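Notes to accompany the following structure.
The values are calculated or read from the model by the stated rules, or taken from the named source; none is laboratory data. Everything numeric in this text was worked out from a predicted model, so none of it was measured. Here the Cβ positions follow ideal geometry from the backbone for every residue, glycine too, while neighbour counts run over all protein chains shown.
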């Protein structure tokens, strides 16, 4: 049976496992910053999953299933992910940076078939590995081994993950501080960095120390405007969600227990989606 978000968050290994996952995703950001920028905000992250799902659901023998600008926009709008203009701009950016490509040299505007490039799929597979590894750490399962033993599984698994993420209230309607950061470029990485430095022994505290001290160094590493990041941190501070143990810039930052709980709620909701999709993709394979 797939794990539920409630089961995951209650597990003693949940935090350490999620922290390891966060470090793995931070590594992806460090090694492929251009591609990682695709997932820079939650909206872009969902747009990327929509595109990947359309790519994997293509039937080479049925042109009606091709990924086109028109089909992408239709799915995005149907699921209230973004406006038409935002969706179109996203696709154009993906094409510009070779994250996606046209299948043929010529085509008819929004009906021109596209596909995700191999390099993009290879990097995204690392995202899958990280989440399956986390689930295995929590319950001692063998999802990652199963996935690695089935080369064709990604094409079944990712679309089910996308469906689950789009339908997940826990993912799409997070708490107020988490929501504050998901609209910041690389906001997910900001939160991963904050939470990955927490000592699990401190999570019972109202103010949980992190390993972050310097906002300037933090912003430089993330290639963010220091002013923009500082403004978001100030907003978080006004909510009582973050602060400094001592003098700002000369002591470690803390996150509130509520912010920590919001972060874990989203992470465990996402993991539950992945686990349910994993189970579903195995069932599809057994039926085929």
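Listed values, structure above:
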read-out: Residue in region 160-170 that is nearest to residue 267 (Cα to Cα), counting only those that are in contact with a helix residue (DSSP H, G or I) (Cβ under 6 Å, 6 or more places away or on another chain) and either free of Cβ contacts under 8 Å to residues at least 24 places away in the same chain or crowded, with 22+ Cβ neighbours inside 10 Å (or both); value: 165
read-out: Hey, residue 163 within 30 Å of residue 230 (Cβ to Cβ) and either part of a helix (DSSP H, G or I) or modelled with pLDDT of 90 or more (or both) or not; value: no
read-out: Breaking point among (1) surrounded by fewer than 17 Cβ atoms within 10 Å (Cβ to Cβ); (2) in contact with a strand residue (DSSP E or B) (Cβ under 6 Å, 6 or more places away or on another chain), for residue 64; value: (2)
read-out: Index of the failed condition, residue 82 passing every other in (1) within 19 Å of residue 127 (Cβ to Cβ); (2) not in a helix (DSSP H, G or I); value: (1)
read-out: Checklist (1) in contact with a helix residue (DSSP H, G or I) (Cβ under 8 Å, 6 or more places away or on another chain); (2) surrounded by fewer than 19 Cβ atoms within 10 Å (Cβ to Cβ); (3) touching a residue at least 24 places away in the same chain (Cβ under 8 Å) applied to residue 3, failing item; value: (2)
read-out: Failed item in (1) outside any strand (DSSP E or B); (2) in contact (Cβ under 8 Å) with a residue 12 or more places away in the chain; (3) over 21 Å from residue 20 (Cα atoms), with residue 271 passing the rest; value: (3)
read-out: Flag if residue 184 is within 21 Å of the chain's Cα centre (by Cα), free of Cβ contacts under 8 Å to residues at least 60 places away in the same chain and under 29 Å from residue 166 (Cα atoms); value: no
read-out: Residue satisfying condition, being farther than 23 Å from residue 143 by Cβ and in contact with a helix residue (DSSP H, G or I) (Cβ under 6 Å, 6 or more places away or on another chain), within set 245, 273, 215, 252; value: 215
read-out: Leading residue by the ranking (modelled with the lowest pLDDT) among those in region 1-43 that are outside any helix (DSSP H, G or I) and over 30 Å from residue 89 (Cβ atoms); value: 1
read-out: Residue match in region 240-249 (condition: under 15 Å from residue 170 (Cα atoms) and in contact (Cβ under 8 Å) with a residue 24 or more places away in the chain); value: no
read-out: Residue that is touching a residue at least 12 places away in the same chain (Cβ under 8 Å), surrounded by fewer than 17 Cβ atoms within 10 Å (Cβ to Cβ) and either out of contact with any strand residue (DSSP E or B) (no Cβ under 6 Å at 6 or more places or on another chain) or not in a helix (DSSP H, G or I) (or both), where the choices are 120, 146, 177; value: 146
read-out: Tally, over region 198-235, of residues that are part of a loop (DSSP other than H, G, I, E, B) and closer than 16 Å to residue 247 by Cβ; value: 4
